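Following: one structure in C-alpha cells, then a few remarks.
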Amino acid sequence: MKNLTSNEIRTLWLSFFKGKKHAIIEGASLVPVNDKTLLWINSGVAALKQYFDGSKVSNERRIVNVQKSIRTNDIENVGKTNRHHTFFEMLGNFSLGDYFRKEAIIWGFEFLTGKDYLALPLEKLYFTYHPSDLETRDLWISCGVDPKHVIANVGNFWEIGEGPCGPNTEIFYDLGAEFDQEGLGTKLLEDDVDNDRFLEIWNIVFSQYNAKAGVKREAYEELPSKNIDTGAGLERIASVLQQTPSNFETDLFLPILEEIEGLTNTKYKDNIVAYRVIADHIRTTTFALSDGASFANEGRGYVLRRVLRRAVRYAKKLGVNEPFLYKLVPSVIKIMEQFYPYIKAKEQNVTRQIKAEEERFLKTLTHGEELLRNALSDSKVVSGELAFKLYDTFGFPLEITKEVASEVNATVDEDLFNNLLEGQREKARNARKNIASMSLQSADLLKFTAPSKFVEDTYSLKAKVIGLFKDGEMVESASDEVSAVFDLTPFYSESGGQVSDIGTIFNAEFNAKVDAMSKAPHGQHLHHLVIEYGTIALGDTLTLEIDGVNRRAITLNHSATHFLHRALNDVLGPEVSQMGSYVGPDYLRFDFNYNSRIKKDELLRIEAIVNEYVKDAIPLTIKFMTLEEAKKLGAKALFMEKYGDLVRVVMYSDVSIELCGGTHVKNSSEIGAFVIVSEGSVASGVRRIVAYSGLKAYEYLKEYQYTVNYVSELLNLKETKDIVPSLRTLLTTKNELESIVEKQKAKALQDYAFSLQPLKANDLHYYVEIMSEKSREELGIIADHIRSKDQIAIVVFVSLTNGQHAILISLSKKLSTTLNANKIMKEITKVYGGSGGGRSDFANGSLKEKPELKKLISLVQQGVNG
C-alpha cells in the first residue's frame, strides 16, 4: 500500500484513466449552471446528468474528473464520525454509451490493487453487489477476489425517481476487527448496517435501465445508451493510504486543525468534535463562496448560512466569542490551491464575507438568548415551539436552550421540539427526492443527429421540417402540440440569460405559435409548437417568423448588459463580475458581486457612462477563437459557465469584450437610451440592478417627467427644481404638526385617566371600565397613568372596537406580590369566554361576549378575594 498525498492521489487517478482513453475534464462549479433542480453539485454525476438522461450528447464518450461536492443531509453526523463531511471530493470516471460493466470492474480492480497505483492489499477489500446482478459478482471473483469477500446486498440499486437507474457495486476497505465490537463481520455489509469497520471508498453504478413511475423494477426497459457512473471518495482513500485514524488527520485537514490549536490555545485531542466541525465547515464555506454562492435567507444561501453558523456555535465551545473562522481561510487555500488555483484570487472576498457573517450571527445569538430569558421570566417550561424557533431561526442549539433553562430550574419540551425538527427533516428529504431525479432518456432524440442551424440576422425565413417529436418520440406528422426541428431557424433558444424568441410558423394550410424553444441532445433547436390549424409533417417547407418587436427589445437589453458590466467596472472596480442575468423584452436584470450598498452618485455615474457608450456609436464585431486566445484579449466570461474549445467573442471595440452567444445590436447607438430603475441586495455580497433600454427606457423617463411636472403643479411652483426644497419644508411642517397632535393625544389620555373615579373596597381602588373608541395601546397608556398616581389600583378595562372585546388587567406594583392579574383574567373568561394571560401585574386578552359592567366588577372582586 502506497503512502500518497491528496494531490498525488488526484494526479494518479486522472493519469490512470487518461491511459484508458478518458478525456480529463475540469470539475464543475459547486453552484449548478443552468440547472434549477439542484442547490449544489452533490456528486460527480450531478454535473453530467444531462449526458446521462440524454438531454444532451457529450463530445467525449469516456470522461474522468475530480468533482467538488456539497451535501448537508447528514450534517448532524459531521464531527461525530470519522468519515462524514459537508464538502468532499469525488474521483469520477464515466462512460457515456461506451464501455460498460466488464471494463469498469477490471479497471477498478487494477487501480485499487496494482503496484503502480494504490497497491491496496486485496485481503482488506470487500465488494457488494445487487442479488440480481450475478455478472458483477462473477467479474470480481474472476479478478482474483475471494468469493467470501463478494457480498450480496439488496440495497445495491441506484434509483432517484424517473430516468436512468441500475444496480451498483460498492467497494469497502476493512479497517480491522477492533472497529467491530460485536464481532458481526461481513453481516454488517449483508444487512447494510452503518459501521466503523468497513469504509466505503468506491461506488460504481451500472446505469442500464429507464425507471418509470408505476412500473415494477423488474419490468424497467433497457436504456438505449448505457452508462457507467463511478464515484471514489478522495478523503476516505487518503485516510486509508496515509493510515490515519480518520479523514481529519489527513493532509486535507491537519493544517487546519493545527491552525485552530494556535488560534484558540486549545488541543484537538480534547475537543475532537468541535475541531472537526470547524475544519469541515470552513472548507465548505470557502469553496462555496469561491464558486459564486453567498449567504442568504433562502435556498442555497440559507444552507450555506446554516453550515457557517454551526461552525460558529462549535467555536463558542472552544471559548471563542468573536469572529475567528475567517482566519482559517488561508489554511484552506494553502492546502487546496495547487489543484484549485482559482481560489487564491478569491481569498480576500471570501474572508470578508465570512467575517461579516460571523459578526451578524454573534449578534443574533445574543438576541436569541434574550428572547429565551424573557420567556423564562413567565414560565418554568420552554415550549417546543420556542425551542424550535430558537434553533431554526436563530441557530440556537437545543443544548444551549437547555443549559440556559437549567439556570432558573426550568425545563424544555424536548418531545415537541424533536417532532418539529423531524417534520422539517422530512420536508427536506422529500424536497431532495423531488429535485434529484433526472429526465427520462429519449432514444429517438439521442439518435437524432441531423444539423439545425440558427440564422441570427433575419426575422423570417423558409425552412424544412427535419424532425418532429411528441414526448421524446419521433413522429411523422402532428396536428396538435409538438416539438419541431428545422434545417434552419431564426428562433433563438434560451441561453446565457437571454430568453427564447416567440413567433409563428406557417404556410397556406398550416399555422402554429412558437411558445418556447429548447435544445435537443445534439444541440439542435427544438421549436415547441401550439398548432392553431392544419397538420405539420416531416419534409414540409414552412415560413418561420419571429416576433420582431419582441426580439428587438431583447437585443437592445442584451447589448445594454454588456455596457452596464463595463460601467460597473469603471465605477466600482475591475473585481466586480457578473453573477447572473436575465435579458427579456421587458427589462434587463444584472447580478454582480459587491459587498456594500452602491451610493446614489455612483449609480448616477454608472447610468451616465452606459449612455455615453450608447452615444459613442460603437460598432459590433463578432469573432470565433480558442478559449486561450479569448482570455489573452481580456474577454469576460461567467466564472461558473463551461466553454468549449472554440468560443464566440462579442466585441464593442475595446470597451466590452465578452464570451457570449446571444443576439446584439450592430452599433451601440441602436440602444437609444438606458435607465436604471432599481438597485439592491439579493444575497450577502451580491447586488442586482434592474434597467430598461430603448423605447421602454424612453417611456419610463416620460412617465417620470409627467410625475415631476404634476407634483410641481400641485405645489404651485414655477420651476421643477424647487420641488425638493418645497417638499422638505412641507415634511418639516408635517412632522411638527404630528408632534403637536401626539402631545395633545397623550395629554388627553392622561386627563382621561386622572378623571376616572375608582370603586373603593377593602382598602383597594377598583378602576373597572367598559370603553369604546379606545385601542388596546391606549388602554395600556391610561392604565399606566393610573398606576403612576395610585399605589393600590386594580385596573380592568374592556374596549369595544371593531366588533372585538379586548380586555386589559393591570395592578399597581405594590399589589403584584399579593395579587395576580392572571387569576382575575381567569374569573372573567370563565363567564364571558375568550382567553388571556401575562405577568402577575399585567395581563391582556380578548372576550367572546360583551360584558355587563356590574357583573364585570363582581368578577374582578372574586378574582381578587378568591
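The values are calculated or read from the model by the stated rules, or taken from the named source; none is laboratory data. Here the structure is a predicted model, which means the values were calculated and not measured. Cβ: placed from backbone, ideal geometry, glycine included. Neighbour counts: every protein chain shown.
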key: Only one of LEU701, LEU695 that is more than 19 Å from ARG605 (Cα to Cα), among the aliphatic types (A, V, I, L, M) and either over 27 Å from the mean Cα position of the chain (by Cα) or crowded, with 20+ Cβ neighbours inside 10 Å (or both)   = LEU695
remark   = Scanning region 168-180 for residues that are within 20 Å of GLY233 (Cβ to Cβ) and not in a helix (DSSP H, G or I) gives ASN168, THR169, GLU170, ILE171, PHE172, TYR173, ASP174, LEU175, GLY176
task = From ASP457, ASP480, grab the single residue that is assigned to a loop (DSSP other than H, G, I, E, B), within 17 Å of GLU532 (Cβ to Cβ), at pLDDT below 90 and not hydroxyl-bearing (Ser, Thr, Tyr).
result = ASP480
request  = Would you be able to say whether some residue in region 693-705 is at pLDDT 95 or above and in contact with a Pro (Cβ under 9 Å, 6 or more places away or on another chain)?
outcome  = no
key: Evaluation of LYS718 against (1) under 17 Å from LEU556 (Cβ atoms); (2) outside any helix (DSSP H, G or I); (3) basic (Lys, Arg) (one fails), failing number   = (1)
message = Every residue in region 715-734 that is polar (S, T, N, Q) and surrounded by 10 or more Cβ atoms within 10 Å (Cβ to Cβ), please.
response = THR720, SER726, THR729, THR732, THR733
note = region 181-289: helices (runs of 4 or more DSSP H) wholly inside it with 2 or more residues that are in contact with a Lys or Arg (Cβ under 8 Å, 6 or more places away or on another chain) and not assigned by TED's automatic domain parsing to the domain that holds ILE171 are 254-264
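Just one of ALA691, ALA635, ALA673 is under 30 Å from ILE25 (Cα atoms), among the aliphatic types (A, V, I, L, M) and touching a residue at least 12 places away in the same chain (Cβ under 8 Å); which is it? Quick ask: steps written out before the conclusion?
Details: ALA691 fails: under 30 Å from ILE25 (Cα atoms); ALA673 fails: under 30 Å from ILE25 (Cα atoms).
It is ALA635.
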remark   = LEU800 vs (1) surrounded by 20 or more Cβ atoms within 10 Å (Cβ to Cβ); (2) in contact with a Lys or Arg (Cβ under 7 Å, 6 or more places away or on another chain); (3) among the aliphatic types (A, V, I, L, M): all pass except (1)
request  = Of the numbered conditions (1) under 29 Å from ASP444 (Cα atoms); (2) of a type in the set (A, V, I, L, M, F, W, C); (3) at pLDDT 95 or above; (4) part of a helix (DSSP H, G or I), ILE141 fails exactly one; give the number of that condition.
outcome  = (1)
message = If I filter region 763-812 down to residues being farther than 21 Å from GLU827 by Cβ and hydroxyl-bearing (Ser, Thr, Tyr), which single residue comes out as farthest from the chain's Cα centre (by Cα)?
response = SER788
query = Mind checking whether some residue in region 613-625 is modelled with pLDDT under 95, assigned to a helix (DSSP H, G or I) and either in the same structural domain as TYR652 (by TED's automatic domain parsing) or of a type in the set (S, T, N, Q) (or both)?
reply = no
ask   = If the Cβ limit is 9 Å and pairs must be 6+ apart or interchain, which residue in region 763-775 that is modelled with pLDDT of 90 or more pairs with which residue that is among the β-branched types (Val, Ile, Thr) and assigned to a loop (DSSP other than H, G, I, E, B)?
value = ASP763/ILE792; LEU764/ILE792; HIS765/ILE792
ask   = Across region 1-34, what is the number of residues that are of a type in the set (D, E, K, R) and buried (at least 18 other Cβ atoms within 10 Å of the Cβ)?
value = 1
ask   = Does LEU564 count as in the same structural domain as GLY694 (by TED's automatic domain parsing), of a type in the set (A, V, I, L, M, F, W, C), in contact with a Leu (Cβ under 9 Å, 6 or more places away or on another chain) and over 16 Å from SER656 (Cα atoms)?
value = no
query = Is it fair to say PHE361 is surrounded by 16 or more Cβ atoms within 10 Å (Cβ to Cβ), at pLDDT 80 or above and over 20 Å from LYS317 (Cα atoms)?
reply = no
task = Give ILE554, ILE598, ILE531, ILE606 a once-over and let me know the one that is over 30 Å from the mean Cα position of the chain (by Cα) and either surrounded by 14 or more Cβ atoms within 10 Å (Cβ to Cβ) or part of a loop (DSSP other than H, G, I, E, B) (or both).
result = ILE531
query = Hey, does region 672-686 have a residue that's crowded, with 18+ Cβ neighbours inside 10 Å, at positive phi and assigned to a loop (DSSP other than H, G, I, E, B)?
reply = yes
query = Only one of (1) without any contact (Cβ under 8 Å) to a residue 60 or more places away in the chain; (2) β-branched (Val, Ile, Thr); (3) outside any loop (DSSP other than H, G, I, E, B); (4) touching a Lys or Arg at 6+ places or on another chain (Cβ under 9 Å) is not met by ILE41, so which one is it?
reply = (3)
inquiry  = Against the conditions (1) within 23 Å of VAL576 (Cα to Cα); (2) at pLDDT 90 or above; (3) within 23 Å of the chain's Cα centre (by Cα), where does LYS344 fall short? Just the number, please.
reply    = (3)
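Only one of SER755, SER712 is surrounded by 10 or more Cβ atoms within 10 Å (Cβ to Cβ), over 23 Å from VAL831 (Cα atoms) and of a type in the set (Ser, Thr, Tyr); which?
After ruling out the rest, the residue left standing is SER712.
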request  = Would you please name the residue that is surrounded by the most Cβ atoms within 10 Å (Cβ to Cβ), looking only at residues in region 65-112 that are basic (Lys, Arg) and either modelled with pLDDT under 95 or part of a helix (DSSP H, G or I) (or both)?
outcome  = ARG101
ask   = Which residues, taken from region 486-510, are polar (S, T, N, Q) and either surrounded by 17 or more Cβ atoms within 10 Å (Cβ to Cβ) or assigned to a loop (DSSP other than H, G, I, E, B) (or both)?
value = THR489, SER493, GLN498, SER500, THR504
query = Looking at (1) touching a residue at least 60 places away in the same chain (Cβ under 8 Å); (2) under 27 Å from GLY299 (Cα atoms), which is the one condition that is false for GLU76?
reply = (1)
